[in-house]
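Trainee: Sending over a structure as structure tokens; questions will come in a sec.
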Amino acid sequence: MNTILRKSILGIAGLTVAGGLAAGPLNHDTSTPTTRNAAAVTTTQAAKLDSAALIPHGVQGTQSHIDLDDEQTANVKAIIAATKKAGMDERAAVVSIATALQESKLENLGHLGDRNDHDSQGLFQQRPSSGWGTVEQITDPEYSTTAFLKGLKQVDGWRDMPLTKAAQTVQVSAYPDHYAQWEQQAADLVAEHWNS
């Protein structure tokens, strides 16, 4: 009886091992993850978490999105660098980038002739005649961002406001609600480039 029992147990164990080996490659990824792949996953997850934290009041209304070219991406990085230099945080960069997306689609615009809104120029469409600086200054991304942030700092409680209200208080736009549509893309851009 011991021999029969032992053969039965060994037979079952053999089937289990063989079944596990046969089923293993079908049910499991046999590739060895590289450090680079693991880092990419971690970075992607961190960007998603950061993006949500950058929108503390939630987005308002339908969100817009544009694909950026190299010049626009360079302007995003310039806004982020100027924000850091001004000693302000990621939320200030989100407000700044959303504002520049609305005002210029992140293009450093010069005078547009008859299509121009008065004498508005640069990323933030700031006006020399309104005291924002000279044309040379407001078409410099660092200067124009710093000027915008200086205005933002003067808005009491800007962090506790919806983005569109904070941006409008600085910009005094004829279309105050339009800034809101860029909040998600601005947050995504800050999450992507803040530490790059």
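Trainee: Which count do you get for residues in region 129-149 that are free of Cβ contacts under 8 Å to residues at least 60 places away in the same chain, polar (S, T, N, Q) and surrounded by 18 or more Cβ atoms within 10 Å (Cβ to Cβ)?
Mentor: Adding up the residues that qualify gives 2.
Trainee: Would you point out which residue out of Asp156, Asp119, Asp188 is of a type in the set (Asp, Glu), open to solvent by 60 Å² or more (accessible area, probe 1.4 Å) and without any contact (Cβ under 8 Å) to a residue 60 or more places away in the chain?
Mentor: Answer to the check: Asp156.
Trainee: Could I ask something else about it? State all residues of region 163-172 that are in contact (Cβ under 8 Å) with a residue 24 or more places away in the chain and out of contact with any helix residue (DSSP H, G or I) (no Cβ under 7 Å at 6 or more places or on another chain); if no residue qualifies, say none.
Mentor: none
Trainee: Further question on the same structure: Val172 is checked against (1) at positive phi; (2) at pLDDT 95 or above; (3) not small (Gly, Ala, Ser) and fails just one. What number does that condition carry?
Mentor: Going through the list (1) at positive phi; (2) at pLDDT 95 or above; (3) not small (Gly, Ala, Ser), Val172 breaks only (2).
Trainee: What is the one condition in (1) modelled with pLDDT under 95; (2) within 22 Å of Asp70 (Cβ to Cβ) that Leu189 does not satisfy?
Mentor: So Leu189 meets the others, but not (1).
Trainee: Shifting gears a bit: I'm told Ile66 meets every condition in (1) modelled with pLDDT of 95 or more; (2) out of contact with any Lys or Arg (no Cβ under 8 Å at 6 or more places or on another chain) except one. Can you identify the failing condition by its number?
Mentor: Single failed check for Ile66: (2).
The values are calculated or read from the model by the stated rules, or taken from the named source; none is laboratory data. Source: prediction; values computed, not measured. So basically every Cβ, Gly included, is an ideal-geometry build from the backbone, and we count neighbours across all protein chains shown. Protein only, heavy atoms only, side chains kept; ligands, DNA and RNA dropped before computing areas. Shrake-Rupley method; radii C 1.70, N 1.55, O 1.52, S 1.80 Å.
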